[in-house]
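The values are calculated or read from the model by the stated rules, or taken from the named source; none is laboratory data. All values reported here derive from a predicted model rather than from experimental measurement. Cβ coordinates were reconstructed from backbone atoms using ideal geometry, including for glycine residues, and neighbour counts include every protein chain displayed.
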Amino acid sequence: MTRIHLSSLLILSLSLVACGGSSSSEGTTAERADDEEDADEYIGEGPADEDDEEDEEGGFVDDTLLRRASITLGDPTEVPGTGVTMRVPEGAQRMPMSAGFIAMRERVQISVAVLEGSADLLESIRTGGMQDAPDPAHEEEVEISGVTGRLGRDMVQTQQGVLERQWLLVHDGTRGLGIVATYEGARARGYRRPIHDALEAVEWDNEGALDPSAALGIDVGPAEGLELSNRTTANLVMLEPDSEYPPVPGQPVLTVSPLPMRIPEDRAMGLCPQLAARFMAAPEEDVEDEADVDGELRGCERIITTDLPTGERVMAYAAVLFHQGVPILVTGFSAADAMDTWRPRFNSAARTVRVR
């Protein structure tokens, strides 16, 4: 599993990023971590669909049929909270806890994010912050609602096979729009043109108000000293009033981000400390506390202090919460010398996260 580094979370506030934990008869988080299987096998798993591998008559779908598969686009549909309207495959549903859509039978996923910041920040939607992100196999210039953007495609290798992605990146100098449509590489011949047409025809109100809670279907707070930022729909970001965005190292910030994986619900609490430790990796001497979380959603939390490459010493908080097997990562950061103030506030905020 690729770790989300502390510095990346501070720069992007996107990703991909005594505590009050209740006692548990299941043992401490550290004790349970040693008894469970590795969480890596669940990375990238989405909602299960019993029809994924079978055709309408109950037979298995072979590669020839996949290559001939095509999709039909429905009417223009609004993506709540983003100012984006686009056509999506007929029958597609909103993705849970995410701005976008998923067509289960066609195995198409469309993710949408709007955020304020530089064009480089927008590019991270395509690359995921990875230096080895695939180069575009094709790229062209398009105009979306009067703003020039880029429409391209690439291929990515996953544990489940080769996927093709088509993406749209548009930046107006202040605000950026990123849309990524993903589908199986074997279906590319029939899917490439309609997905391209859907992205090319996107309508974007780049001056409309952003509403990250509506976009993701998640609420958080209130949290003392913080307010929900309306400058990104990629995740929920809470900052001090009138503070800088993206946040700078040491600035108090809380983020709430659903993770692209699914874990069997009876395994979630056992795997929770592994996940928390991977997202907040630190030597044992830097771990301030670990505990279970019993709030609106159940999970675990981990608090560390660490030095950033830039020299600042920070307190970093991570909670992994579960909703129907889908983990939600809550991260909080502040200067280490403000830990007594912000640790209980982050701890309290994690217990207010709820799914609409």
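Points to keep in mind about this one:
- Count of region 188-241 residues which are among the small types (Gly, Ala, Ser), within 26 Å of VAL326 (Cα to Cα) and in contact with a Gly (Cβ under 6 Å, 6 or more places away or on another chain): 2
- Of all residues in region 105-147, those satisfying the criterion of being among the aliphatic types (A, V, I, L, M) and buried (at least 18 other Cβ atoms within 10 Å of the Cβ) are VAL108, ILE110, VAL112, ALA113, VAL114, LEU115, LEU121, LEU122, ILE125, VAL142, ILE144.
- Residues satisfying the stated conditions in region 317-344, i.e. more than 19 Å from the chain's Cα centre (by Cα) and surrounded by 20 or more Cβ atoms within 10 Å (Cβ to Cβ): SER334, TRP342, ARG343
- Only one of ALA335, ALA319 that is closer than 15 Å to PRO247 by Cβ and of a type outside the set (Ser, Thr, Tyr): ALA335
- Matching residues in region 210-235 - criterion: being among the aliphatic types (A, V, I, L, M) and modelled with pLDDT of 95 or more: LEU210, ALA214, ALA215, LEU216, ILE218, VAL220, LEU226, LEU228
- Residues that are at pLDDT below 95, over 19 Å from the mean Cα position of the chain (by Cα) and outside any loop (DSSP other than H, G, I, E, B) within region 68-117 comprise just one, ARG68.
- Residues in region 148-175 that are small (Gly, Ala, Ser) and not in a strand (DSSP E or B): GLY173 only.
- Residue ID - surrounded by the fewest Cβ atoms within 10 Å (Cβ to Cβ), chosen from residues in region 199-231 that are in a loop (DSSP other than H, G, I, E, B) and among the small types (Gly, Ala, Ser): ALA209
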